[in-house]
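Let me begin by presenting the structure, written as structure tokens, before commenting on it.
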Amino acid sequence: MNTAITPQKATGEPTAIILPTPDTIFLARAERFEALALHHGLGEWLGFLGRLTHAQHKALEAAGEELAAPAAETLERAREHRMPPLSVATFQRPVVWHDILRNIVGDLLEDAPVGARDTLDALLVTSAEELDKLAEKLLNGEPEGADMARLPYIAAAMQVVFTAVASKLDASALPPMEAHSACPVCGSHPVVSVIRSEGPTAGRRYVHCSLCNTEWHVPHATCVTCGDRDKITLHEIDGDDGIAHAESCGACESYTKLIVQPKNVRVDPVADDLASVALDMLVDDAGFVRSEPNYLLIGAAEE
Ligand SMILES: [Zn+2]
Ligand SMILES: [Zn+2]
């Protein structure tokens, strides 16, 4: 436990929302997974997730043009009602997502570990109707035990779709959200928060969407879940590299991971979150409940 993060002073009003950069988001994440996999007890798994993420990059490159921003009237309606324009509850998933999923699965099958092969084979012959049901359960329902093994791949395809469409929006036209815990683009929860190291946002804390990779500003030492500022405690693992911290809140008893980019400019919210699951165990043991999902971790407990 410590309170030693003293962020650099940033001046002026912070940029409220940073949309994802589709050309590099998954590519940089894949490289980070590969780097983390080299010296890690969970290296094989992280390496596999690196290949999955690289497949996301290729799938986005192939399908990105077909994924258009919503019509102007949809965006206007969202603004009027202060709703995220790509709300997971209402967004019409474009049919091309089935191809995106098959591309990702096809790529992975070339070099898949035995444990994943059956699931990947099954996904290739799953009907479009069943795939749509799985996506609906992932985003808006209660996934069941039998679905779990397939969901990380469904989630990977959904991340590609939502990231591509999010990147085509105008950040300055998005309605501000009242809660820190809802993405202003798709309404999902963030995966972690990041203290950024470069450019005009250096030293600021942004939370990173678990689905569409949008980031939005939340002030330091503020609970992402309930907004409390008085009962915040930072935790880290002694002797660790200082990249991953957990910010727990005594008011709502939840915690959010905090990835410190000034420690390593190449950190990635999704990859560094999964490389620091030991920290989650530490904070879980202290009685706090993680407030945010990491879609690539869905089903891991079931296997
Ligand atoms: Zn989002
Ligand atoms: Zn709280």
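Annotation note: of ALA30, ALA116, ALA78, the sole residue that is open to solvent by less than 70 Å² (accessible area, probe 1.4 Å) and within 15 Å of ILE154 (Cα to Cα) is ALA116. Of everything in the stretch 141-182 that is open to solvent by 30 Å² or more (accessible area, probe 1.4 Å), assigned to a helix (DSSP H, G or I) and within 23 Å of LEU60 (Cα to Cα), the residue that is farthest from ligand 1 (Cβ to nearest atom) is ALA149.
Which ones in the stretch 70-95 are assigned to a helix (DSSP H, G or I) and among the β-branched types (Val, Ile, Thr)? Of everything in the stretch 70-95, just one residue is assigned to a helix (DSSP H, G or I) and among the β-branched types (Val, Ile, Thr), namely THR74. For the stretch 82-105, the set of residues classified as free of Cβ contacts under 8 Å to residues at least 24 places away in the same chain and of a type outside the set (S, T, N, Q) consists of ARG102 only. Entry remark, the stretch 124-167: residues being acidic (Asp, Glu) and within 18 Å of VAL95 (Cβ to Cβ) number 4 in total. Of the set (1) within 18 Å of ASP284 (Cβ to Cβ); (2) open to solvent by 10 Å² or more (accessible area, probe 1.4 Å), all apply to PRO219 but (1). Considering only residues that are farther than 13 Å from LEU151 by Cβ, in contact with a Lys or Arg (Cβ under 9 Å, 6 or more places away or on another chain) and assigned to a helix (DSSP H, G or I), which ones fall in the stretch 107-119? ASP107, LEU108, LEU109 - these are the residues of the stretch 107-119 that are farther than 13 Å from LEU151 by Cβ, in contact with a Lys or Arg (Cβ under 9 Å, 6 or more places away or on another chain) and assigned to a helix (DSSP H, G or I).
Could you tell me whether the stretch 247-258 includes any residue that is more than 16 Å from ligand 2 (Cβ to nearest atom), surrounded by 24 or more Cβ atoms within 10 Å (Cβ to Cβ), at pLDDT 95 or above and not in a helix (DSSP H, G or I)? The answer is no, given that none of the residues of the stretch 247-258 is more than 16 Å from ligand 2 (Cβ to nearest atom), surrounded by 24 or more Cβ atoms within 10 Å (Cβ to Cβ), at pLDDT 95 or above and not in a helix (DSSP H, G or I). A residue that is among the hydroxyl-bearing types (Ser, Thr, Tyr), over 17 Å from HIS208 (Cβ atoms) and either under 16 Å from the mean Cα position of the chain (by Cα) or open to solvent by less than 40 Å² (accessible area, probe 1.4 Å) (or both) cannot be found anywhere in the stretch 271-279. Of the residues making up the stretch 206-245, those that are touching a residue at least 24 places away in the same chain (Cβ under 8 Å), in contact with a Lys or Arg (Cβ under 8 Å, 6 or more places away or on another chain), under 28 Å from PRO85 (Cα atoms) and away from ligand 2 (no atom under 13 Å from the Cβ) are TYR206, HIS217, HIS220. Evaluated against (1) in a helix (DSSP H, G or I); (2) closer than 17 Å to LEU211 by Cα; (3) small (Gly, Ala, Ser); (4) out of contact with any helix residue (DSSP H, G or I) (no Cβ under 7 Å at 6 or more places or on another chain), ALA135 falls short on exactly one condition, (4). Scanning the stretch 193-201 for residues that are within 21 Å of ASN294 (Cβ to Cβ), within 16 Å of ligand 1 (Cβ to nearest atom) and either in the same structural domain as SER248 (by TED's automatic domain parsing) or surrounded by fewer than 18 Cβ atoms within 10 Å (Cβ to Cβ) (or both) turns up at least one hit. The one condition from (1) touching a helix residue (DSSP H, G or I) at 6+ places or on another chain (Cβ under 7 Å); (2) modelled with pLDDT of 95 or more; (3) surrounded by fewer than 20 Cβ atoms within 10 Å (Cβ to Cβ) that GLU130 does not meet is (1). Could you grab me the full set of residues in the stretch 24-69 that are touching a residue at least 12 places away in the same chain (Cβ under 8 Å) and assigned to a loop (DSSP other than H, G, I, E, B)? Matches in the stretch 24-69: HIS40, LEU42, LEU67, ALA68, ALA69.
The values are calculated or read from the model by the stated rules, or taken from the named source; none is laboratory data. Nothing here was measured: the structure is a model prediction, and the numbers come from that model. Here Cβ is always computed from backbone atoms with ideal geometry, including for glycine, and neighbour counts include all displayed protein chains. Side chains included, ligands, DNA and RNA excluded: accessible areas come from the protein's heavy atoms. Shrake-Rupley method; radii C 1.70, N 1.55, O 1.52, S 1.80 Å.
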